[in-house]
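Participant: Can you read through this structure? Questions will come right after.
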Amino acid sequence: SAVISQKPSRDICQRGTSLTIQCQVDSQVTMMFWYRQQPGQSLTLIATANQGSEATYESGFVIDKFPISRPNLTFSTLTVSNMSPEDSSIYLCSVEPTASTDTQYFGPGTRLTVL
Amino acid sequence: GESVGLHLPTLSVQEGDNSIINCAYSNSASDYFIWYKQESGKGPQFIIDIRSNMDKRQGQRVTVLLNKTVKHLSLQIAATQPGDSAVYFCAENMGNAGGTSYGKLTFGQGTILTVHP
């Protein structure tokens, strides 16, 4: 498995502002993903972060709200834009170290509260 | 800390008992399944996985059973310990059958396991 870190671990933000979350992996990985976990809920995939190209978004998520970067094989960022209290969630990145296995490992998450 | 228990089914067991956590998955085309454990304030931790060409797989103190006929997955934990208390999620992956969603994991709702000493 890979060692995954996220920054920040938590934040409290004002509505209308934006927050960028970083995900760093200790080794090169083929696939990186971003998930949202709303309070008391399960995980929902936001998008697949593609290295060198635009992210692939799931239904209900758009690039203007959740812009994603992936400049290399070990790093990705997710920005939550123009935040509202409904964006209060845990945001998690995951990685699939080896394309042939489909196994995903998760970072510790970023707990976001929007006031 | 924030509770994750407001909307999830729960299972309470005594220390030393065996636990069985169940999951109904949604897509008959799914060919890969994973169980995750999530402790409070942490990200999901990989426990065990199984591919659709198998119906049982064993790990250390854990066993996953897959019944493709009824699209059912279960996680059995032997000799449950207080450190096993967490939220458990199943996840399914349609692999190449997912088309552009290759690699996408779809998560179940989760079950809160509480182990009493």
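Participant: Scan region A:62-91 for residues that are assigned to a strand (DSSP E or B) and of a type in the set (D, E, K, R) and jot them down.
Facilitator: A:ARG70
This table checks each residue for (1) at pLDDT 95 or above; (2) not in a strand (DSSP E or B).
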position	(1), (2)
B:ASN53	no, yes
B:ALA79	yes, yes
B:VAL87	yes, no
B:CYS90	yes, no
B:ASN96	no, yes
B:THR100	no, yes
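Participant: Here's something else I'd like to know. Just the residues that are farther than 23 Å from B:GLN38 by Cβ, within 14 Å of chain B (Cβ to nearest Cβ) and free of Cβ contacts under 8 Å to residues at least 60 places away in the same chain, please, taken from region A:71-101.
Facilitator: Answer for region A:71-101, where residues must be farther than 23 Å from B:GLN38 by Cβ, within 14 Å of chain B (Cβ to nearest Cβ) and free of Cβ contacts under 8 Å to residues at least 60 places away in the same chain: just A:SER100.
Participant: May I pose another question? Where the second residue is at pLDDT 95 or above and part of a strand (DSSP E or B) and the first is within 14 Å of chain A (Cβ to nearest Cβ) and open to solvent by less than 80 Å² (accessible area, probe 1.4 Å) and lies in region B:1-20, which pairs have Cβ atoms under 6 Å and are six or more apart or on separate chains?
Facilitator: From region B:1-20, the pairs are B:VAL4/B:VAL87; B:GLY5/B:ILE112; B:LEU8/B:ILE112; B:PRO9/B:THR111.
Participant: Considering only residues that are assigned to a loop (DSSP other than H, G, I, E, B) and either in contact with a Pro (Cβ under 9 Å, 6 or more places away or on another chain) or under 29 Å from B:VAL87 (Cβ atoms) (or both), which ones fall in region A:43-61?
Facilitator: Passing the criteria: A:GLN51, A:GLY52, A:ALA55, A:GLU58, A:SER59, A:GLY60, A:PHE61.
Participant: When you check A:GLN24 against the structure, is it touching a strand residue (DSSP E or B) at 6+ places or on another chain (Cβ under 9 Å), open to solvent by 30 Å² or more (accessible area, probe 1.4 Å) and under 30 Å from B:PRO9 (Cβ atoms), yes or no?
Facilitator: no
Participant: Here is a check on your reading of the model: is A:SER94 of a type outside the set (Lys, Arg) and open to solvent by 20 Å² or more (accessible area, probe 1.4 Å)?
Facilitator: The answer is no for A:SER94.
The values are calculated or read from the model by the stated rules, or taken from the named source; none is laboratory data. From a predicted model like this one, the values you see are computed outputs, not experimental measurements. Cβ atoms come from the backbone with ideal geometry, glycine included; neighbour counts cover every protein chain shown. What goes into the accessible areas is simple: the full protein's heavy atoms, side chains included, and nothing from ligands, DNA or RNA. Shrake-Rupley method; radii C 1.70, N 1.55, O 1.52, S 1.80 Å.
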